[in-house]
Amino acid sequence: MLERTQRSGENAGSVPPPLLDVQILSVATANPGFRVDQSHAAKSARIVYPHLESLWSLYETCGIETRYSCEPHEWYLQPRSWDERTRSFQKHALDLLERVTVDAINASDIEIGEIDMIVTNTITGLAIPSLDAKLLNRLPFSNKIERLPIFGLGCGEESEAWPARLAWRKECRAPMCSSSRSTYAASACA
């Protein structure tokens, strides 16, 4: 790892910042339980969103072949309140987050108590308290863990760089990053 003097900025301005010394120790993914072919999703979108006809071609040109959903296909064809959709997101997102967290930790050489930061990025739904806060009630993380819940950064590319940046800046040994799309991914970094 980098020397403390380099991290604390004592030589700031005279020496360019060192490269990040971060490794991905493991990666785990999980999909919601219902698989939907893109052609089937496109047909449903035409029914549910007739007013968005100008966007229908995206289903054929975006390169996605398969989608995953947390509820059965028919669930989405019925009008749902904000509350119903939010409850569904929170339940399934937290279950998926717990699964990928456990799988990523089990595939690494670290213990859950060694993780000192959790970075989560959600774009498909809202949870207050945040999903990472709720995860603390399910898994035995250290009581000194730091959390960075992010909402709205997009599909994870930017948020996946946060653990490496934070590991260097805050001297974290094992930050964990997760991103919520239709697939959950967690990586344990050191």
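Points to keep in mind about this one:
- Checked against (1) surrounded by 11 or more Cβ atoms within 10 Å (Cβ to Cβ); (2) within 26 Å of Asn121 (Cβ to Cβ); (3) in contact with a strand residue (DSSP E or B) (Cβ under 9 Å, 6 or more places away or on another chain); (4) modelled with pLDDT of 90 or more, Glu65 passes all but condition (1).
- In this entry, Thr124 is excluded by the filter for residues that are farther than 24 Å from Trp82 by Cα and either surrounded by fewer than 17 Cβ atoms within 10 Å (Cβ to Cβ) or modelled with pLDDT of 90 or more (or both).
- Counting only residues that are within 19 Å of the chain's Cα centre (by Cα), crowded, with 17+ Cβ neighbours inside 10 Å and either over 30 Å from Phe141 (Cβ atoms) or among the aliphatic types (A, V, I, L, M) (or both), the range 68-112 holds 8 of them.
- Filtered by the rule that a residue be among the basic types (Lys, Arg) and more than 18 Å from Phe151 (Cα to Cα), the range 72-107 gives Arg80, Arg99.
- Pick from the range 156-172, criterion assigned to a helix (DSSP H, G or I) and in contact with a helix residue (DSSP H, G or I) (Cβ under 8 Å, 6 or more places away or on another chain), ranking: modelled with the highest pLDDT: Arg169
- Any hit, the range 59-67, residues being of a type in the set (Gly, Ala, Ser) and farther than 30 Å from Ala45 by Cβ: no
- Just one of the numbered conditions (1) at pLDDT below 80; (2) β-branched (Val, Ile, Thr); (3) surrounded by 18 or more Cβ atoms within 10 Å (Cβ to Cβ) is not true of Val119: (1).
- Residue under evaluation His51, criteria (1) surrounded by 11 or more Cβ atoms within 10 Å (Cβ to Cβ); (2) farther than 21 Å from Leu126 by Cα; (3) modelled with pLDDT of 90 or more, criterion not met: (1)
- Residues of the range 127-138 that turn out to be surrounded by fewer than 15 Cβ atoms within 10 Å (Cβ to Cβ) and among the hydrophobic types (A, V, I, L, M, F, W, C), as a count: 2
The values are calculated or read from the model by the stated rules, or taken from the named source; none is laboratory data. If you're wondering where the values come from, they're calculated on a predicted model, not measured in any experiment. Virtual Cβ from ideal backbone geometry, glycine too; neighbours counted across all protein chains shown.
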